[in-house]
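Heads up: the structure comes next, in structure tokens.
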Amino acid sequence: QVQLVESGGGLVQPGGSLRLSCAASGSSFNIATVGWYRQAPGKEREWVASISSRGIPNYTVSVKGRFAISRDNAKNTVYLQMDSLEPEDTAVYYCMAVVGRTYWGQGTQVTVSS
């Protein structure tokens, strides 16, 4: 069983930055693929970024070069550094972990607006 708790969302102006954190419980974090999805109003949930147990990151095209995913296995935490934010990045961001099955956090709101 894995529980995920996100933090770090908020309101930011276009061009600004935010860092999301996701703290995981359980002893399987270091072998899990972890990542972030987001869901904007009226849209389906979409994959944003993920990082393998060996630390290999992958990104959706729209955030490549602006977002950076990282993990700290000692702290059971995954991060999403988001720079050069755009209004189109506004969404609820969800942390996920895959260890046999997929686990989800409760989500954190990110709003990019002037």
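The values are calculated or read from the model by the stated rules, or taken from the named source; none is laboratory data. As the structure is a prediction and not an experimental result, all values here were calculated from the model. Cβ coordinates were reconstructed from backbone atoms using ideal geometry, including for glycine residues, and neighbour counts include every protein chain displayed. In case anyone asks, the SASA skips ligands and DNA or RNA and just uses the protein heavy atoms, side chains included. Shrake-Rupley method; radii C 1.70, N 1.55, O 1.52, S 1.80 Å.
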Check your understanding: Which residues, taken from the range 59-72, are of a type in the set (S, T, N, Q) and either open to solvent by less than 60 Å² (accessible area, probe 1.4 Å) or in a loop (DSSP other than H, G, I, E, B) (or both)?
Key -> Thr60, Ser70
Practice item. Give me the pairs, please: first residue somewhere in the range 10-28 and touching a residue at least 40 places away in the same chain (Cβ under 8 Å) and part of a loop (DSSP other than H, G, I, E, B), second residue anywhere and open to solvent by 30 Å² or more (accessible area, probe 1.4 Å) and among the charged types (D, E, K, R), beta-carbon distance under 7 Å, and either six or more positions apart or on two chains. Key: Pro14/Glu86; Ser17/Asp83
Review point. Out of the residues in the range 73-94 that are at pLDDT below 95 and assigned to a helix (DSSP H, G or I), which is most open to solvent (accessible area, probe 1.4 Å)?
Key: Lys75
Point to revise | Condition met for Ala97 (surrounded by 19 or more Cβ atoms within 10 Å (Cβ to Cβ) and either under 11 Å from the mean Cα position of the chain (by Cα) or of a type in the set (Asp, Glu) (or both)) | key: yes
Check your understanding: Within the range 40-58, can you find the residues that are closer than 20 Å to Glu86 by Cα, open to solvent by less than 80 Å² (accessible area, probe 1.4 Å) and either touching a residue at least 60 places away in the same chain (Cβ under 8 Å) or not in a strand (DSSP E or B) (or both)?
Key -> Ala40
Practice item. Considering (1) within 22 Å of Lys43 (Cα to Cα); (2) free of Cβ contacts under 8 Å to residues at least 12 places away in the same chain; (3) of a type in the set (D, E, K, R), say which one Asp89 fails and leave the rest. Key: (2)
Exercise for review: Pull up the range 2-39, narrow it to residues that are loosely packed, with under 14 Cβ neighbours inside 10 Å and at positive phi, then point me to the one that is nearest to the chain's Cα centre (by Cα).
Suggested key: Gly10
Review point. Name the residues in the range 61-91 that are β-branched (Val, Ile, Thr) and touching a Pro at 6+ places or on another chain (Cβ under 9 Å), would you?
Key: Ile69, Thr90
